[in-house]
């Protein structure tokens, strides 16, 4: 799966030594905000000191995170783990200033233009006054 958003938080790195293998490990968590009508946030983890350095994620950066989701049980409770395996830097969205980037379409036939109509004349202020709706008006508003 993948998600694109802006990095809004970089949490402190965690490290230790594996009790099972005796090897050192390191992980770091990041939070991205996904834009939209209702912006969403996602916390994800990068595991391994080499990947943390390789990805070099900076605050405010627009990135696409490719990740796996896994769950594990601890003391009778289940927890999700969102682990990133690839980070792509934000790509500039195409703008209107770069028309060469948009494919050319065939020109549509041009419709005949209609001459503009003059604006309607407004009655002078001393004309008929505004009438209030009568009791027989059946409009609901």
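None of the figures in this text is laboratory data; all of them are computed from the coordinates on show. Owing to the predicted nature of the structure, the values given are computational and were not obtained by experimental measurement. Every residue, glycine among them, receives a Cβ derived from its backbone with ideal geometry; neighbour counts consider all protein chains shown.
Using C-alpha pairs under 8 Å with a sequence gap of at least 6, the mean separation divided by the residue count of segment 2-89 gives a relative contact order of 29 percent. Taking every C-alpha pair closer than 8 Å and separated by at least 6 residues, the mean separation divided by the residue count of segment 14-53 gives a relative contact order of 34 percent. Placing pseudo-labels 7 Å out from each Cα toward the beta carbon at residue 15 and residue 73 gives an inter-label distance of 3.4 nm.
Computed extension gain for residue 82 through residue 3, at 0.36 nm per residue and net of the alpha carbon distance, reaches 27.3 nm.
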